[in-house]
1. For segment 8-47: of the residues being touching a strand residue (DSSP E or B) at 6+ places or on another chain (Cβ under 8 Å) and among the acidic types (Asp, Glu), which is nearest to LYS109 (Cα to Cα)?
2. Could you run through segment 48-73 and say how many residues are touching a strand residue (DSSP E or B) at 6+ places or on another chain (Cβ under 7 Å) and in a strand (DSSP E or B)?
3. If a residue must be of a type in the set (D, E, K, R) and surrounded by 10 or more Cβ atoms within 10 Å (Cβ to Cβ), how many such residues does segment 6-37 contain?
4. What residue, of ASN66, ASN52, is closer than 24 Å to LYS111 by Cα, out of contact with any helix residue (DSSP H, G or I) (no Cβ under 9 Å at 6 or more places or on another chain) and polar (S, T, N, Q)?
5. Could you check, for segment 74-92, whether at least one of its residues is buried (at least 16 other Cβ atoms within 10 Å of the Cβ), among the aliphatic types (A, V, I, L, M) and part of a strand (DSSP E or B)?
6. Residues in segment 11-24: is at least one in a strand (DSSP E or B), under 14 Å from the mean Cα position of the chain (by Cα) and on the phi < 0 side of the Ramachandran plot?
7. Looking at this structure, is VAL81 hydrophobic (A, V, I, L, M, F, W, C), touching a Pro at 6+ places or on another chain (Cβ under 9 Å) and at pLDDT below 95?
8. Please give the number of the condition GLY69 fails out of (1) farther than 14 Å from THR25 by Cβ; (2) exposed (fewer than 15 other Cβ atoms within 10 Å of the Cβ).
Amino acid sequence: MNEIIKEIEAEQLKAEVDSFRVGDTVKVYAKIKEGDKERIQVFEGTVTKRQNGGVRETFTVRKMSNGCGVEKTWPLHSPHVERIEVVRRGKVRRAKLFYLRERTGKRAKVKELVK
């Protein structure tokens, strides 16, 4: 039974996954279906967490919209996520950035990783 599940999950994995980490500022190009039309909507923000692995892997992006914090979670291998573009690399020392929820303004920024 376990091998059957692994085979099904392997078929659903994306061939190429965009490389990004927690703390990075990314643009997520998501497919939105409105009636019979389909369009792409961009959601830009900071990656606050990545969890699980394989087909079940998800990531959460947080952005400020009209002074209100908005978090959105997507499955990494979802067909609704067209691509993920890294705008800025962030320098963080944690796997989950929940502390950003209480912060506003300049304090809510993540330092940029300079290589």
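1. Let us first name the residues in segment 8-47 that are touching a strand residue (DSSP E or B) at 6+ places or on another chain (Cβ under 8 Å), namely 18-32, 38-47.
Checking the rest, the ones that are also among the acidic types (Asp, Glu) come to 18, 24, 38, 44.
Values: ASP18: 23, ASP24: 11, GLU38: 33, GLU44: 14 Å.
The selected residue is ASP24.
2. The qualifying residues number 15.
3. Going through segment 6-37, the residues of a type in the set (D, E, K, R) turn out to be 6-7, 9, 11, 14, 16, 18, 21, 24, 27, 31, 33-34, 36-37.
Still in the list and also surrounded by 10 or more Cβ atoms within 10 Å (Cβ to Cβ): 6, 9, 14, 18, 21, 24, 27, 31.
Within segment 6-37, residues that are of a type in the set (D, E, K, R) and surrounded by 10 or more Cβ atoms within 10 Å (Cβ to Cβ) number 8.
4. Details: ASN52 fails: closer than 24 Å to LYS111 by Cα.
The match here is ASN66.
5. Taking every residue of segment 74-92 in turn, at least one turns out to be buried (at least 16 other Cβ atoms within 10 Å of the Cβ), among the aliphatic types (A, V, I, L, M) and part of a strand (DSSP E or B).
6. Going residue by residue through segment 11-24, those that are in a strand (DSSP E or B) are none.
Scanning segment 11-24, I find no residue that is in a strand (DSSP E or B), under 14 Å from the mean Cα position of the chain (by Cα) and on the phi < 0 side of the Ramachandran plot, so the answer is no.
7. On the way: hydrophobic (A, V, I, L, M, F, W, C): yes; touching a Pro at 6+ places or on another chain (Cβ under 9 Å): yes; at pLDDT below 95: yes.
Judged against the criteria, VAL81 is a match.
8. (2)
The values are calculated or read from the model by the stated rules, or taken from the named source; none is laboratory data. Because the structure is a prediction, the values reported are computed rather than measured. Note that we place each Cβ from the backbone using ideal geometry, even for glycine, and neighbour counts take in every protein chain shown.
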